[in-house]
Structures are given as structure tokens and as C-alpha cells.
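A short reminder: the numbers here are calculations on the coordinates, not readings from a lab. Computed from a predicted structure; not experimentally measured. Note that each Cβ is placed from the backbone with ideal geometry, even for glycine, and that neighbours are counted across all protein chains shown.
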Amino acid sequence: MRSISVDDFDLSATLESGQIFRYLRLAEGYLIHHRDRVLQLRQKGRVLYFDGADEAFLVHFLALDEDYREITRSLEVETTVRRAMARYRGLRILRQDPWECLVSFLCSSTKSITHIRVLIEHLCRAFGKPVSLGRYRGYGFPPEGAISDGKRLEQIGLGFRAGYIHRVNQMIREGFFEEIRREPYEEAKARLMRLPGVGDKIADCVLLFSMGFSQSFPVDRWIKRGMEQVYFQGEKVSPRRIRAFAREHFGPFAGYAQQFLYHEWRTRGRSPMARPD
């Protein structure tokens, strides 16, 4: 395996923070699927060992070229986020493929992460092409236009999500995501939300985890519950109000604040109001 030096990077926190689904935990490191390639990554201190990609792809995918210290400095004034950053420093927001990210989060509606991963694997086995790395054999993520058999989608257990994915597959044309990247956040989100099955949360996930919109603040049940307890004194508030508060309170890197808080609250599995260790 080749290696590169990394600063302010935590492979485990990055992969296991809910932003990506196609990875396997190995005895040492991880195996990651990304479109039609398989990556093997292992971190030891400040050294990242890798196979299945060149260094340029790895730096881009893992966002190793971001000014991480600027991002974290901008959030350190916030006590709750500062505690989460101290625990999971090095968590990065990946630059995933937008198509794969979109379909993956369409699979995620009302499902646990474990079940989401199973559904995506079934989807790749049904419509993807074989891929390999060393002795490992798997299936790549089907490209745009390849998820064309609606009946087969239903057969792999996607339920109501099958119709959304089938229709989105028919609607996405070449250049769609590149056009969205060039638009302001609100317009980009509105365009994504015109797609079948894409609401506020999925749109924000796609914008944050694959398209570089760092102000996106996805609100799921963990974030809603935690934000209500910490920032709204236990008051029940709408996701819309939470998103507006987050963009004002956390600033241009609200998406990073969201990831630190999400990973903290979900991993620790307790009330965010609990006394810190």
C-alpha cells in the first residue's frame, strides 16, 4: 500500500459519521466503494495508507486539501460544538459523487443505517458492474440511467423508494449536478427538491456531502432532538427553524457543526444535555 502524511484527519470519525454508507470495517482499516472503484484505507497516526486510487483522487475525496484549521477555528467559539470537535477532531466532510450520494439518501428514508447499507448493496448487485481490489470482489454503483428496471427495484425491497429512484434515474441528465454546483445555495437546494422523493433533509445531505455547500445543515431526528434540547431550551421547533438558526449561529461552516454534533449525539447515544466527561 502507498502512503501519505495527513494532519487533522480521523479516518474512522469521517467514515462512521453517517455521511457515507458503502464501507466495510476491516481488521485494520476500511474498504470503501465509490462508484466503480474500491479503496482500501488504513490510518496509523499521521500516516494514511491507501490502495485502489491515486493520491490526487484521495486528497479530493477525503477533502484533505481544505483549510481544516480555519473551519474549526470558526466553530470553536461555540461551546457545544467545541466539545464535539475535541472528541472527534479530524472528522472531514467527504466529496462524494453527487449521483451516488443522491440515490443513497433516497434509500435512507425511514431506515436505520444498517438497513440503508443493505438496500444500497442490493441495488448495486442488481444494476452495478463487478469491481475488485486484490482478492475482494464486489459491485460498483450503477451510473445515471442504469437503474431502468422498475420491477426489479421493487423486488430488492426498496418499497416506496423504488418509484422515486426509478423516476430520478430517468430525469437526471448529463451536466445536471455541475449546473447545481454553480448556483447559490437556496437555488441549488430548490432544484434538487424538484426531484421525486427529495425533501429538505435529502437535498441538504447531497449539497453538503457531495457538492461543497458547507452551509447546508441536514436535520434528522438526532439533530432535531439535540438542537431542541441544547439551543431551544427543550421547546419543540420545526426543522425549518432549526436550519435558519444554524446558518445564523454557526455561519458558513454550519455543515461541519452539524456533522460534529450528529456524530457526538448518535455515537454517545444519550441526551446532549448530559454532563460532559
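Assuming a strict under-23 Å limit between Cα atoms, what lysine pair count do you get for the chain once near-sequence pairs (fewer than 8 apart, same chain) are dropped?
11
Go through region 113-167 and name the chymotrypsin sites (Phe, Trp or Tyr not before Pro) that are in a DSSP coil and have 14 or fewer other Cβ atoms within 10 Å of their Cβ.
Answer by residue number: 160.
Loop only by DSSP, 11 or fewer other Cβ within 10 Å of the Cβ. Give me the GluC sites (Glu not before Pro) in region 121-185 that pass, ordered by residue number.
174
What shape does region 98-210 have by the C-alpha gyration tensor, where a ≥ b ≥ c are the square roots of the eigenvalues, rounded means a/c under 1.5, and otherwise prolate means a/b greater than b/c and oblate the rest?
It comes out prolate by the Cα gyration axes.
Which whole-number percent gives the relative contact order of the chain, counting Cα pairs below 8 Å spaced six or more residues apart?
19
Helix hunt in the chain: which complete DSSP H runs extend at least 20 Å axially by C-alpha with mean Kyte-Doolittle at least 1.6?
Correct list, ordered by number: empty.
Using a Gaussian network for the chain with springs between C-alpha atoms less than 10 Å apart, which of these wobbles most: 148, 216, 17?
Judging by the Gaussian network model, the answer is 148.
Loop sites only, by DSSP: take the trypsin sites (Lys or Arg not before Pro) in the chain that have at most 10 other C-beta atoms within 10 Å and name the longest stretch containing none of them.
1-134
Tell me, 108, 238 in order of fewest to most beta-carbon neighbours within 10 Å?
Starting with the residue having the fewest Cβ neighbours, the order is 238, 108.
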